[in-house]
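What follows is a short report on a single structure.
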Amino acid sequence: MSLRFVIIGGGPAGTQAATSAARLGAEVTLVERDIVGGAAHLWDCVPSKAMIATAGALDEVGDAPGMGISVTPAELDLGALRGRISGIVGQLETQGRGLLESQGVRIVKGSGRLVDPRTVVVDTEDGELTFEADAVMVSTGSRPRIPEWAVPDGDRVLTTRDAYPPEELPEHLVVVGSGVTGVEFVHMFSSLGSRVTLIVSRQQVLPGKDPEVAAVLEEDFLDRGVKLFKGARAVGIDRTDSGGVRVRCDDGRAAEGSHVLLAIGSVPNVEGVGLDAAGVEMDGPWVRTVDHHMRTNVDHIYVAGDVSGKLPLSSVASMQGRKIAEHVMGLHKVDHRHLDYDKAASAIFTRPEIADVGLAEADAFAVGRKVRVTKVPFASSAKALINNDPRGFVKIMSDPATGVVLGGSIVGYNAAELIAVIALAVTNGLRVSDLAECIFVHPALSEALTEAAE
Ligand SMILES: Cc1cc2nc3c(=O)[nH]c(=O)nc-3n(C[C@H](O)[C@H](O)[C@H](O)COP(=O)(O)OP(=O)(O)OC[C@H]3O[C@@H](n4cnc5c(N)ncnc54)[C@H](O)[C@@H]3O)c2cc1C
């Protein structure tokens, strides 16, 4: 008999684990209450990046005169944008579902919960279904965190899930939270035509990021007329007489706008999943893992994706899912690579884009580690000038003794794609000389990578 693997939650972690385990011969049941693809497709990565792509197209129309084209002002069609987003989400779900079904994965629509360590009950539209499992993976994801001082109404007080796009384009959006999600929303709404105020709790946007990287983004925001409330924490929201919002801050200032959007992190979806019934221990609000295989304290119950409290990225969730499937199927009895969170590439889809991987210069400095830092500005790249966007730079951090690439940051056009080259080097222990020996295309932005590696 095949190993029975039951997965609760069909986001990137769940779908990847399902497909990998099915390929390796498991009998897989995937339980999902919304859509195959998960919140990543329905609410988070896909709709946000689809909105950003539309915002980028508008920006490019605005930049057309710089490319030698005269245009009449472009107009945003919110209905068409909404249709475009649901079209992409629908297409991805059909493809994802088709792939899983072709591999023999049983997809069950409903809410799953453990009733004991080896039994998953699913509440479906037609009643309860029960599945016995040899291994279980919980990948139920997360949802926006709502502070006690805010009550989202889907109208003027929005979470990220109300914003794809809202019924009307906010005349003036106040964004609370200047982490990755917050700055992406600032970028998208200011490009779409809203006035934007950003509440920044520290003295720089993207707290924790390389200050040089954050500075490029702040400059872009200021150029677009985004108002920054630095060093201010939001503590309350009032509705104004004109129907708008006033966001009160702890330093006495208040930001007024037509709408407010909360982008202040997420909380795990653990309620009703039956973790306690199965004896699974928690680590604060997150499910606790006891080893790098992502096992919980109950040997055959694994946890993956946002609910694990590790790095909340879709790409990381998928990799966790794949590694768990391999472990469940006994592949890790032989030599294998552990998932190394420190080597995960990540990107921020602003304009310019920001991407990094591995060791950050500031982190190396903080622990007194000696690193060689080489930096090449895109202003010296022929392709950046041709693209009419010479902002940003490539920075590579390497070990001064061995030349091994330890990390990199890229700010600029297509940074999210370009970082792949440095990620390959970081993951595989390549040296800067390995990069410098590559003959890349000319003219291309990637030439800046070989230059920085010289
Ligand atoms: C606005 C925004 C933009 C983002 N953009 C990016 C990006 O560009 N790139 C990136 O890498 N990451 C991005 N992220 C992060 C990314 O979305 C998450 O890290 C990723 O979705 C986590 O995947 P997951 O598998 O844990 O679960 P999710 O994608 O959260 O899916 C979990 C699924 O479990 C289901 N579920 C929950 N409970 C049950 C239950 N009891 N029974 C059945 N089903 C259940 C839910 O319906 C959901 O479909 C973004 C996040 C946000 C908020």
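Side notes on the structure shown:
- Odd one out for Glu218, checked against (1) in a strand (DSSP E or B); (2) without any contact (Cβ under 8 Å) to a residue 24 or more places away in the chain: (1)
- A single member of Ala317, Ala325, Ala277, Ala355 is within 15 Å of the ligand (Cβ to nearest atom), assigned to a strand (DSSP E or B), among the small types (Gly, Ala, Ser) and at negative phi, and it is Ala355.
- Single residue of the range 305-314 satisfying the filter (part of a loop (DSSP other than H, G, I, E, B) and not hydrophobic (A, V, I, L, M, F, W, C)) that is nearest to the chain's Cα centre (by Cα): Pro312
- Applying a threshold of 6 Å to beta carbon distances and a minimum spacing of six or more residues, or different chains, the list of pairs starting in the range 297-320 at a residue that is of a type in the set (Gly, Ala, Ser) and ending at one that is assigned to a helix (DSSP H, G or I) and more than 6 Å from the ligand (Cβ to nearest atom) reads Ala304/Gln320; Ala304/Gly321; Ala304/Ile324; Ser318/Gln16.
- Residue satisfying all of: in the range 1-19; assigned to a strand (DSSP E or B) and under 17 Å from Met319 (Cα atoms); nearest to the ligand (Cβ to nearest atom) among these: Ile8
- When Ala384 is tested against (1) farther than 30 Å from Ala64 by Cα; (2) assigned to a helix (DSSP H, G or I); (3) within 27 Å of the chain's Cα centre (by Cα), just one condition goes unmet, and that condition is (1).
- The selection criterion, being surrounded by fewer than 20 Cβ atoms within 10 Å (Cβ to Cβ), within 15 Å of the ligand (Cβ to nearest atom) and not assigned by TED's automatic domain parsing to the domain that holds Pro166, does not hold for Ile52.
- Qualifying residue in the range 419-439 (condition: part of a strand (DSSP E or B) and either within 17 Å of Val213 (Cβ to Cβ) or modelled with pLDDT under 95 (or both)): no
- Residue ID - nearest to the ligand (Cβ to nearest atom), chosen from residues in the range 25-46 that are among the β-branched types (Val, Ile, Thr) and in contact with a strand residue (DSSP E or B) (Cβ under 6 Å, 6 or more places away or on another chain): Val31
- Only a single item in (1) crowded, with 17+ Cβ neighbours inside 10 Å; (2) more than 20 Å from the chain's Cα centre (by Cα); (3) without any contact (Cβ under 8 Å) to a residue 40 or more places away in the chain is not met by Asp223, and it is number (1).
- Residue within the range 202-212 that is under 21 Å from the mean Cα position of the chain (by Cα), over 14 Å from Thr160 (Cα atoms) and of a type in the set (A, V, I, L, M) present: yes
- Qualifying residue in the range 295-304 (condition: more than 9 Å from the ligand (Cβ to nearest atom), of a type in the set (Gly, Ala, Ser) and assigned to a loop (DSSP other than H, G, I, E, B)): no
- Every residue from the range 24-43 that is of a type in the set (Asp, Glu) and either under 23 Å from Arg82 (Cα atoms) or surrounded by fewer than 22 Cβ atoms within 10 Å (Cβ to Cβ) (or both): Glu27, Asp34
- Total residues in the range 85-102 satisfying the condition of being loosely packed, with under 15 Cβ neighbours inside 10 Å and either over 25 Å from the mean Cα position of the chain (by Cα) or of a type outside the set (Gly, Ala, Ser) (or both): the figure is 5.
- Counting only residues that are crowded, with 24+ Cβ neighbours inside 10 Å and more than 21 Å from the chain's Cα centre (by Cα), the range 173-193 holds 2 of them.
- In the range 151-176, the residues that are in contact with a strand residue (DSSP E or B) (Cβ under 7 Å, 6 or more places away or on another chain) and within 16 Å of the ligand (Cβ to nearest atom): Pro152, Leu158, Thr159, Thr160, Arg161, Ala163, Pro166, Leu173, Val175, Val176
- Checked against (1) under 18 Å from Ala317 (Cα atoms); (2) within 16 Å of the ligand (Cβ to nearest atom), Ala22 meets all criteria but (2).
- The set of residues from the range 104-146 being more than 9 Å from the ligand (Cβ to nearest atom) and assigned to a loop (DSSP other than H, G, I, E, B) comprises Gly104, Val105, Pro117, Arg118, Glu125, Asp126, Ala133, Asp134, Arg145, Ile146.
- Residues located in the range 35-90, provided they are of a type in the set (Asp, Glu) and either part of a helix (DSSP H, G or I) or free of Cβ contacts under 8 Å to residues at least 40 places away in the same chain (or both): Asp59, Glu60, Asp63, Glu75, Asp77
- Only one of Gly330, Gly309 that is more than 11 Å from the ligand (Cβ to nearest atom) and at positive phi: Gly330
The values are calculated or read from the model by the stated rules, or taken from the named source; none is laboratory data. Note that the structure is a prediction, hence the values are computed from the model and not measured. As a convention, Cβ positions derive from the backbone with ideal geometry for all residues, glycine included, and neighbour counts pool all protein chains shown.
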